[in-house]
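Quick notes on the structure that follows.
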Amino acid sequence: MKSPATRTASAILAAKQIAGFIAKFEPANAKLIRECRAEIRKLLPTAVELVYDNYNFFVIGYCTTERASDCILSIAAAANGVGLSFYHGASLPDPRHLLLGSGKQNRYVRLPGVETLRSAGVLALINAAVAQAEPPLPSQGGGHTVIKSVSAKQRPRRKT
């Protein structure tokens, strides 16, 4: 188990890396990413954040463990905007037809602003996703952040 000093140093390094990843975006998108991250952190305080700065997207997954397959939802950002992706979205009840996509598993909602994330319909989707999470989110404690991968080659994070 890591010592408190090691955990603190890791958290500081991760925060600096994430700030650098987000700084690649246009200011409006960067602000939205930060707002959405803060909002989801409030909603899922015990979730593990898995961070990927990949070729196509910058992604922050909210998971029950450090395994990507235990992801509940994620923020996915590219030059054209920000979305909220539900890892098992195809199985979620969606009476308001908010979910986009046609894959066998994943669905998403576009987030033009943090208000969309705070809307009753999206919060209901988040709650449903959390309820079906297996394994479930821990009931106590705090989540932590893990930088999982950074791609050397990436699509531009700003519109050209």
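Extending 7 Å from the Cα toward the beta-carbon at both Y55 and E115 defines two label points whose distance is 3.8 nm. When the chain is treated as a GNM with alpha-carbon contacts under 10 Å, the residue of R96, R110, R118 showing the greatest mean-square fluctuation is R96.
Mean-square fluctuations from a GNM of the chain, with a 10 angstrom spring cutoff on Cα atoms, peak among V48, V82, V130 at V130. Extents of segment 78-141, taken as max minus min of Cα coordinates on every principal axis and listed largest first, are 35, 28, 24 Å. Relative to the current alpha-carbon distance between K31 and K148, full extension at 0.36 nm per residue lengthens the span by 39.9 nm. Each residue of segment 76-88 was assigned a 3J(HN,Hα) from its phi angle through the Karplus curve 6.51 cos²θ - 1.76 cosθ + 1.60 (θ = phi - 60°); the sequence is 10, 10, 9, 4, 8, x, 10, x, 10, 9, 9, 4, 10 Hz, with glycine and proline shown as x.
Per residue, the accessible area of the chain comes to 56 Å², computed with a 1.4 Å probe over protein heavy atoms only.
Of the three principal axes defined by the Cα atoms of the chain, the extents in descending order read 46, 44, 27 Å. Using a cutoff of 8 angstrom between alpha carbon atoms and counting only pairs six or more residues apart, the relative contact order for segment 46-160 works out to 35 percent. Classify segment 109-160 from the C-alpha gyration tensor, please: rounded if a/c falls under 1.5, else prolate or oblate depending on whether a/b exceeds b/c. Oblate shape, in that a/c is at least 1.5 and b/c is the bigger or equal ratio.
Just in segment 24-81: which chymotrypsin sites (Phe, Trp or Tyr not before Pro) are loop by DSSP and have at most 13 other Cβ atoms within 10 Å? Qualifying residues, ordered by number: Y55. Say the dipole of segment 29-131 comes from +1 at the beta carbon of Lys and Arg and -1 at that of Asp and Glu; which of I33, A78, L98 then lies farthest toward its positive end? It is L98. Shown for the chain: the carbon plus sulfur share of the solvent-accessible area, taken with all protein chains present and a 1.4 angstrom probe, equals 57%.
Close Lys pairs in the chain, defined as Cα atoms under 16 Å apart and 8 or more places apart or on different chains, number 6.
The values are calculated or read from the model by the stated rules, or taken from the named source; none is laboratory data. Values in this document were obtained by computation on a predicted structure and should not be read as measured data. Every residue, glycine among them, receives a Cβ derived from its backbone with ideal geometry; neighbour counts consider all protein chains shown. The accessibility values were calculated without ligands, DNA or RNA, using every heavy atom of the protein model including side chains. Shrake-Rupley method; radii C 1.70, N 1.55, O 1.52, S 1.80 Å.
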